[in-house]
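The values are calculated or read from the model by the stated rules, or taken from the named source; none is laboratory data. Only a predicted model underlies this, so the values are computations on that prediction, with no experimental measurement involved. All Cβ positions, even for glycine, are placed from backbone atoms using ideal geometry, and neighbour counts span all protein chains on display.
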Amino acid sequence: ESTEPRKWGDYVTVEFDEGIAWVTLNRPKQRNAINPGIVWEMNAIMDALEEDERCRVMVVTGAGESFSAGMDLKEYFRATDKVPPIQRERLFRANAAWQWRRMMYYPKPTISMVNGWCFGGAFQFLVGCDLAIASEDAVFGLSEINWGIIPAGIVTKSVLETMSFRDAMYYIMTGETFNGKQAAEMKLVNKAVAPDELREETRKLARTLIGKNPFVLRQAKTACRFTRDMSWEQAGEYLMAKSDQTELRDPENGRNVGMSQFLDEKSFRPGLGAYRR
Ligand code: ACO
């Protein structure tokens, strides 16, 4: 498998509902381990959703009892050990694209809804997504050490970006599992909720995002990603330039509409919610 399909549905499904695109990894028997089929389909889906009006927020989740058991050791690793290196690199590049390179700067907001097992490579798109909500009983693990490998791809970096240094070292070195509740305490996910509330809580969060100016939301999340690696001086310069760009390009002219609704009409209080769009 070396070319990207234009269609999906064999390994990943997409449902639209109230502006939310529910993107579900659908290999429940293999615990949604990431095989090449998922890689090509996720890239095709991200291409399509970028310009699909039905998608205002993308939620990534897994079918059945798993979020994702990480990379498919059989189909993604062992099966590609002997293919020409250029083909393997193409696959790995496509995987990095959907899991983090593109995901981090995706023009629409993204949420990981962690419904169950979450191991190894799954941390890449868990962290690649802007926000994450987990079921309290989801089970997470950086199990690479148990396989005799290190958390590669971008897993180690992803974990260091979101967990404390001690937590990252601890779970990378021990391979111990932790649950959704612990993941929320460590701030690896935004919050953990009871399993039967997971979808509703995720929907609520997505609906909150849908109420905001979509262009400004995109600018804000992109600025977060870039500012992290900048010095204070660079960040000060970049953020002011980004702010000017936002004002200049915002098709809704949100800044002035919001200001007018607050200062002139006195019809909303920005401290308590978004302006009327
Ligand atoms: N790669 C390939 N196949 C997998 C993977 C995986 N990562 N995870 C599960 N499967 C397959 C199993 O081989 C099994 O296949 P089979 O039905 O053909 O025998 C099937 O999924 C079900 O797996 P079980 O182990 O029987 O399911 P169980 O519910 O008992 O356990 C669990 C689930 C804990 C997720 C277990 O499957 C597991 O430990 N998987 C590996 C998780 C892991 O370490 N992932 C990180 C990989 S390293 C990386 O991503 C870079």
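Before moving on, here are some points about what is shown:
- All positions within segment 104-141 that are under 16 Å from Arg218 (Cα atoms), away from the ligand (no atom under 15 Å from the Cβ) and not polar (S, T, N, Q): Met104, Tyr105, Tyr106, Pro107, Lys108, Pro109, Ile111, Cys129, Asp130, Leu131
- Being surrounded by fewer than 14 Cβ atoms within 10 Å (Cβ to Cβ) and of a type in the set (Gly, Ala, Ser) is a description that does not apply to Gly254.
- Comparison of Glu144, Glu197, Glu176 shows that the only residue that is within 25 Å of Ala97 (Cα to Cα) and acidic (Asp, Glu) is Glu144.
- Test: Val189 is assigned to a loop (DSSP other than H, G, I, E, B), buried (at least 21 other Cβ atoms within 10 Å of the Cβ), more than 16 Å from the ligand (Cβ to nearest atom) and not acidic (Asp, Glu): yes
- Scan segment 75-90 for residues that are surrounded by 17 or more Cβ atoms within 10 Å (Cβ to Cβ) and under 15 Å from Ile38 (Cβ atoms) and the total you get is 3.
- Some residue of segment 194-205 being assigned to a loop (DSSP other than H, G, I, E, B), within 24 Å of the chain's Cα centre (by Cα) and not β-branched (Val, Ile, Thr): yes
- Test: Thr13 is more than 10 Å from the ligand (Cβ to nearest atom) and either at pLDDT 95 or above or outside any loop (DSSP other than H, G, I, E, B) (or both): yes
- Restricted to segment 50-103, and to residues there that are within 17 Å of the chain's Cα centre (by Cα) and among the aromatic types (Phe, Trp, Tyr), the residue that is nearest to the ligand (Cβ to nearest atom) is Phe67.
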